[in-house]
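Notes to accompany the following structure.
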Amino acid sequence: MLKKPFRLTKEKDFKAVYLKGKSFFSNELSIKFSRNNLIYSRFGIVVSHRVASKATKRNRIKRQLREIIRNNLMKIKRGLDVVIITKKPILTIKFNEKRELLEQVLKKMNIIDHD
């Protein structure tokens, strides 16, 4: 489970990332990120009602993405606010594919250090 300090929870923080953040888009995910003035990075995950109408499916996707982030926390650069917005095709891919996709996208955006 991703601990509370590493989560974006306040609406004003999400809005700040939306307004001044840099973006990346793929078929399954959209990612926006901006600098924060903290010594750690925070993450917010958005799974809309359009992606999955049932709350159990939306929550499962969020749990999976948080777990991927938690496992990579030591590699992720500090001082960033990151919002991950899911799209409908995320439902069709398995956990390992989600992990590879998210890690690949974060590396491409230079949020995660290259191995």
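At a glance:
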{"item": "Subset of Lys15/Lys77; Lys54/Lys98; Lys62/Lys94; Lys22/Lys94; Lys32/Lys54 violating a 18 Å alpha-carbon distance limit", "result": "Lys15/Lys77; Lys54/Lys98; Lys22/Lys94; Lys32/Lys54"}
{"item": "Values of log10 I(q)/I(0), in the order q = 0.10, 0.15, 0.19 Å⁻¹, for the chain under a Debye, Cα-only, solvent-free model", "result": "-0.26, -0.60, -1.01"}
{"item": "Once exposed loop trypsin sites (Lys or Arg not before Pro) are cut out (DSSP; at most 11 other Cβ, 10 Å), longest piece of the chain", "result": "11-49"}
{"item": "Cross-link partners of Lys108 among aspartates and glutamates (Cα-Cα below 14 Å; sequence separation of 8 or more within a chain)", "result": "Glu100"}
{"item": "Neighbour cut-off at most 15 other Cβ (10 Å), DSSP loop, chymotrypsin sites (Phe, Trp or Tyr not before Pro), region 1-109", "result": "Tyr40"}
{"item": "Added length on full extension, which subtracts the Cα-Cα distance from 0.36 nm per residue, Asn37 to Phe24", "result": "2.5 nm"}
{"item": "Estimated FRET transfer efficiency (Arg70, Glu97; beta-carbon r; R0 22 Å; 0.05)", "result": "0.75"}
{"item": "Within the chain, helix-based [θ] at 222 nm, where runs of 4 or more DSSP H residues each add -39,500 (n - 2.57), nearest 500", "result": "-11500 deg cm²/dmol"}
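Each value in this text was obtained by applying a stated rule to the coordinates, not by laboratory testing. Since the structure is predicted, the reported quantities are computational estimates derived from the model, not experimental observations. Virtual Cβ from ideal backbone geometry, glycine too; neighbours counted across all protein chains shown.
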